[in-house]
Every structure is written in structure tokens, then in C-alpha cells.
1. Please go through (1) part of a loop (DSSP other than H, G, I, E, B); (2) open to solvent by 10 Å² or more (accessible area, probe 1.4 Å) for GLY270 and return the number of the only condition it doesn't satisfy.
2. The conditions are (1) surrounded by 19 or more Cβ atoms within 10 Å (Cβ to Cβ); (2) within 17 Å of ILE263 (Cβ to Cβ), and ASP201 fails exactly one of them. Which is it?
3. Select from segment 20-44 the residues that are part of a strand (DSSP E or B) and open to solvent by less than 100 Å² (accessible area, probe 1.4 Å) and write down the one among them that is nearest to TYR8 (Cα to Cα).
4. When segment 181-198 is examined, which residues are found to be open to solvent by 20 Å² or more (accessible area, probe 1.4 Å) and among the hydrophobic types (A, V, I, L, M, F, W, C)?
5. State yes or no: is ASP109 loosely packed, with under 10 Cβ neighbours inside 10 Å and either under 30 Å from THR227 (Cα atoms) or modelled with pLDDT of 80 or more (or both)?
6. Taking the stated definitions as given, is GLY275 within 13 Å of ASP201 (Cβ to Cβ), assigned to a loop (DSSP other than H, G, I, E, B) and open to solvent by 10 Å² or more (accessible area, probe 1.4 Å)?
7. I'm trying to understand the selection: among the residues of segment 259-284, which are without any contact (Cβ under 8 Å) to a residue 60 or more places away in the chain and over 26 Å from the mean Cα position of the chain (by Cα)?
8. Restricted to segment 230-264, and to residues that are among the hydrophobic types (A, V, I, L, M, F, W, C) and not in a strand (DSSP E or B), which residue is surrounded by the fewest Cβ atoms within 10 Å (Cβ to Cβ)?
Amino acid sequence: MKFRKTLYTWLTTRYRLILRNEENFEETRNLPVTPSAIIFFIGTGLLVAMFSGLFLGKLLFDRHSGMGDKDGKHLEALQRMDNTIDSLLTEINRREVFLADLRKVIGGDVNYLRKEADELKPNKDTTNKAAAKRYDTINIDYLSSVDKKFRQEFEGRQVRSTVGGGASGMAVTFDERMFFSPVRGIVTEKYRSSDKHYGVDVVAKKDEPIKAIAGGTVILSSWTDDTGYVIAIQHQGDIISVYKHCSVLMKKVGNFVEPGEIIALIGNSGKYTTGPHLHFELWYKGNPLDPEKHVVF
């Protein structure tokens, strides 16, 4: 009881705070104070500072975490971005598989650069052209014995396709199917599967237009060290036509071309070439065909 009385007396004891001028000791202000009032003002100031800090901290946290987004716009944008990234990754994986399969068809390692093909500079080897070995065809030595046997059986029989079957819808053999001529010229190198020469070389004037043998979609338009400017077209019925050693490519990947439409110009690009000519290949489901059986050059 005595302690409470002493504490109460100390808290309520009135003091006077006098402020004087330091030079002449003139009294400038006289304020009555008590310890309880001092404690009250100090406590109030601390509480105000504490709640202000908490409020500012919560405001900053909500702004950076998106919790303050009442309409959910930020979260919705993040969700759309996440979905877009997943779609891009899926598309990239699909394209990598497609390009890997395409490299098996056209042969060689293709430099898939972001630049357009007409911006790429050719790397010609002008020395010893006469002794240069032809490497403008696909190498299938990696195939298993079963695949090689299948290819041998394939080359010994007719392949049927419903492409171009006409109004009757009847299947037409490849021996009966004819395409537009990509270029008029002289065939200097014929198709020889035994020598792994899976196309024909057609000599023509430099910058002679090269035409699409049929309608389709461009699936390759790029540059390779061995065969220079190369363009390939996917036609209906799992048919692919490949045009190598071009000087200029007129179409880009994804373009649709009509039958007989100009797609490139005859050239002499690539390391393994001995003069202006077109190396033309015709593929069906990953298997090479003799172009002279289906095209008149």
C-alpha cells in the first residue's frame, strides 16, 4: 500500500520546466509537467512509430508480392506468362525433333542460324574443284541391318501413293506420277543408290530459275557448308523435294508454294560443287526415289 502511494505520488507530482536564455538568463518559457505526462507522450510516440512501420511494411509487401492486387490482374498476367513459357518450350521441343528428322533426309549438318538465308555469306572452296569428292547426298551407314534390308526391298518394288490420284481416287504408282520440271538442263550425274548418290545433277545456266515440282510448304531454306544454299519442300503424300547448290533462295521456311512457282536460282554454292548446277533429290517417307522416273529435265 505504501509502495502504491509512493508511485502515485511520484507520477502525479507536478514539476515546472523553465527555459532560460543562455546569455541573460531571461525566462523564455515555463511549462508545467508531470512524470505521468512524459511517460504518456513517449509511449504514444512509440506506438505511432510502431504502427506506421507495420503499415508501410505491409503496403510494400503487398505491392511486391501481388497480394494487394484486388482485381487479380497481376496474378492473371503471371499465369498467362507461365502458360506462354510452357507453350514455347513444347514448341521448341517439337521443332528440335522435326529438325533432327529433317537432317536425316537432307544429309549433313545444317547451320540453323537466325539470319535469313540470303544474308548468309557462302564459304566456297575454289581450289581443286576437279578433284573434289561429291558429298551432296545423305549418308545412311548408321542404319541397322533391318532398315537396310527394308530399303533394298523398297528400291526393288513400286511404291504406291494416293497423291494425285485424280477424281477417281485410285492409287497411282510413282512410276506413273509425273511432276513439274524444276529446271531444264542436261543431267550429268544420275541417281545411283549403290554409290549413295540419291539425286541427279542437272547442269544449267547460272541464275536460271528453279521451280517447285508441286505445291507444298517450305520446310528448309538455309545454308550448309557442303551443298551451299538448300531449299526443301514438303508435298502431300509424305513427298519431299530437295534443291541444292542454289545461288539465291526466294522462299522462307513456312511459305506455301504453287506448282511451277520459282523458289530459287541455279548456283555454284557450297564446297563440293564443280560449276553451276542443281542437285535435285526426291524422297518418299524418308526413302530416296530416282527423280528421272518422275521428272523430265
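The values are calculated or read from the model by the stated rules, or taken from the named source; none is laboratory data. For clarity, every value in this text was computed on a predicted model and none was experimentally measured. Every residue, glycine among them, receives a Cβ derived from its backbone with ideal geometry; neighbour counts consider all protein chains shown. With ligands, DNA and RNA removed, areas are computed over all heavy atoms of the protein, side chains included. Shrake-Rupley method; radii C 1.70, N 1.55, O 1.52, S 1.80 Å.
1. With respect to (1) part of a loop (DSSP other than H, G, I, E, B); (2) open to solvent by 10 Å² or more (accessible area, probe 1.4 Å), GLY270 is out only on (2).
2. In the conditions (1) surrounded by 19 or more Cβ atoms within 10 Å (Cβ to Cβ); (2) within 17 Å of ILE263 (Cβ to Cβ), ASP201 misses (2) alone.
3. VAL33
4. Within segment 181-198, ILE186, VAL187 meet the criteria.
5. Criteria met by ASP109.
6. yes
7. GLU261, ILE262, LEU265
8. VAL253
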